[in-house]
Amino acid sequence: MVNTVILIEGEKKKKKKGKNRNRTQSVDQTTTEDVPMTKVRKIKLKGTNKLNKTLDSRIQDPTITEGEGQVKRQKTIQKIKARRSVEVATKKIIHDPKLIGALPSLPLFYQQIVYPIRDRHQYNEVTKTVGWDFTELLVKPTVLVLGSSEAGKTSLINYLLRDKKGYESHYDTIKDYKSSFTHIIYDDSPSLLRGADAVASKSWAFNEITKYNKQKNDCQIQLFQIKNNLLQEITFIDSPPVTDSMLTNLNQETSGYYPILYNLIRKVDLIFFVGTPSIADTSMNKIISLLNPYNYKTVFCLNKSDQYRNLTNLSNDRKNFSNYITSLISNGEAKVICTYFKGLLPTDEMKDFIHNDMETLLLKIKKLPSQYKTQRLISLNIHMMEILYIALLHSEMRKKDKKVQSKILSSEEISEVSKSLSELPVYESFLKNFPTLPEDVLNACDRVKLKPAKLDDIDALKSFLKNDFPYIQKIASEEPDNVVKFLLPLSDPNKDPEPPKKEMKKVIKEIKIAIPNDDDGDDDDDDDSNTKKGNNDPEKKEKKQKFVNINKTLIDNIMKDDKQ
């Protein structure tokens, strides 16, 4: 009985071996002729299901000939190679910004190189911002006006728009929402989009910031459309008045003034901070500190200069104002000017001094259609450096958490992560301007899942920041200069600029055509003899010359005939 069982088991094993041998032979026949087995196995290890299906179909269907199987395998391998080559190509720059423009080239690069890291490491959640989108990359230049309460923010905008009644006069309802940020853009018909209406406006550049809006009549960002020539080239954002009570727990707000302002500062192209000498006695230092990394696009205005009676007092207050701003701005030298938008200056000395500063302000606006590109690219560079730094910090924190169950990085470990940025331009100023970013990343760990950084994506972004992005910045700086086409105000707000004189069109009333004379041989001889004698008579020649006059009526008739 035992022997019988052993024999039966032996037969089963032989059958299994036979089946395996047959299967191996069929596979070998279909693969060894032109495609080496090592190559097939290598591809199979990479998960090429299509190739597996081809081989299986040869086994299951004996009607497939050897040649057909070979052709199918070759086509499959070609498709795999093509697919891989496409995946690699997406990480490279595939068009020249010099041909299509610096800013128009950005959306594709941003989508292919920045998006993957930004979304993987939840940049928006860590920084409490909404990042950038394609509309913001290409939108018209935008000016943000902010400052202390009653400093003259709205007056500055009305001055630049040359709107003596004020932009609020176009739509009375807007006066009920002074606690909101108002983005003023061009449209033939005045309208106010707020709340759900603003959210629904998908073409609006700052649409995503509406996620930080408060409810009903509280602080929001709203879209206000009016007809004004300057708005066809530049848009403005008026900010709400700020009180000390608002600034007490400023950075703890999850909606309203602080998060909206924090997002706008990162994205606008020019910032006017309007203040008065009393600013030092307020808590506005919290707002000014936010401007430090973006000092390159900020102008600080000491407003209401018309209230001074002499230049000495104004100069002293300007010095104090400048010292106060400088104590809060470490990223470069703060640009401070004196301004006024109402009232009269008492002396010629003060007029020369203040009007010179007003010209500086106007020049910033006049050149903005060109200069905003450079400033926007610097802002975008900061944004991409943040994304890269956050990804590297996340990766290091995750490693440490796996080793010692702690995500807190020591100062030495943070320093090592920071060294990873050392090959990038302006990395030192970036680390100096964002010293609390590692702490912000740690604080966000309860809301964000730490993920290891993908080295290929990190290398692609580093390469872009090191090589390609500086090239795009260079192209932007070399593009033709554009200035504001529409009329700007004068440095004296009490005077109106004269509109440019229209060039008078020249109208042709008559055309006089000279007809050449057909002279006789005798006349020619006479002329020759006269020429030899030097007896040329101009009056006689003019009498002989014949003319044909074509008047305006005949010209109009000829033009009509051509059109017909």
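The values are calculated or read from the model by the stated rules, or taken from the named source; none is laboratory data. Just so it is clear, the model here is predicted, and its values are computed rather than measured. Quick reminder, even Gly has a Cβ in these numbers, built from the backbone with ideal geometry, and neighbours come from all protein chains shown.
Does N213 meet the test of being touching a residue at least 12 places away in the same chain (Cβ under 8 Å), over 21 Å from N158 (Cα atoms) and exposed (fewer than 14 other Cβ atoms within 10 Å of the Cβ)? No. Screening the stretch 118-194 for helices (runs of 4 or more DSSP H) wholly inside it with 1 or more residues that are within 18 Å of N229 (Cα to Cα) and of a type in the set (V, I, T) returns the ranges 153-161.
T360 meets all of the listed conditions (1) crowded, with 19+ Cβ neighbours inside 10 Å; (2) in contact with a strand residue (DSSP E or B) (Cβ under 8 Å, 6 or more places away or on another chain); (3) of a type in the set (S, T, N, Q) but one, namely (1). When the test is whether a residue is closer than 21 Å to I265 by Cα, at pLDDT 95 or above, β-branched (V, I, T) and not in a helix (DSSP H, G or I), I337 passes it. Figure legend. Inter-residue proximity from the stretch 405-432: first residues in a loop (DSSP other than H, G, I, E, B), second residues among the aromatic types (F, W, Y), beta-carbon distance below 8 Å, spacing 6+ or different chains. Indicated pairs: L421/Y389; L421/Y427; L421/F430. Cβ separations smaller than 6 Å between residues 6+ apart or across chains give the following pairs from the stretch 342-354 residues that are part of a helix (DSSP H, G or I) to residues that are of a type in the set (G, A, S): I354/S305.
Scanning the stretch 383-411 for residues that are of a type in the set (V, I, T) and surrounded by 19 or more Cβ atoms within 10 Å (Cβ to Cβ), we see that the one that is farthest from the chain's Cα centre (by Cα) is I390.
A quick yes/no check of all residues on (1) out of contact with any Ser or Thr (no Cβ under 7 Å at 6 or more places or on another chain); (2) exposed (fewer than 14 other Cβ atoms within 10 Å of the Cβ); (3) over 19 Å from L156 (Cα atoms):
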| position | (1), (2), (3) |
| --- | --- |
| N285 | yes, no, yes |
| S289 | yes, yes, yes |
| K304 | no, no, no |
| I325 | yes, no, yes |
| A334 | no, no, yes |
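Residues satisfying the criterion are present in the stretch 500-517 (criterion: modelled with pLDDT of 75 or more and either within 30 Å of H383 (Cβ to Cβ) or surrounded by 10 or more Cβ atoms within 10 Å (Cβ to Cβ) (or both)). Going by the structure shown, is Y159 surrounded by 18 or more Cβ atoms within 10 Å (Cβ to Cβ), in contact with a His (Cβ under 9 Å, 6 or more places away or on another chain) and at pLDDT 95 or above? The answer is no for Y159.
Counting the residues of the stretch 255-295 that are in contact with a Phe, Trp or Tyr (Cβ under 8 Å, 6 or more places away or on another chain) and in a loop (DSSP other than H, G, I, E, B) gives 4.
Using the structure shown, decide if K175 is free of Cβ contacts under 8 Å to residues at least 24 places away in the same chain, under 24 Å from Q307 (Cβ atoms) and not assigned by TED's automatic domain parsing to the domain that holds M384. In short, no.
Counting only residues that are surrounded by fewer than 20 Cβ atoms within 10 Å (Cβ to Cβ) and closer than 16 Å to I260 by Cα, the stretch 178-203 holds 4 of them.
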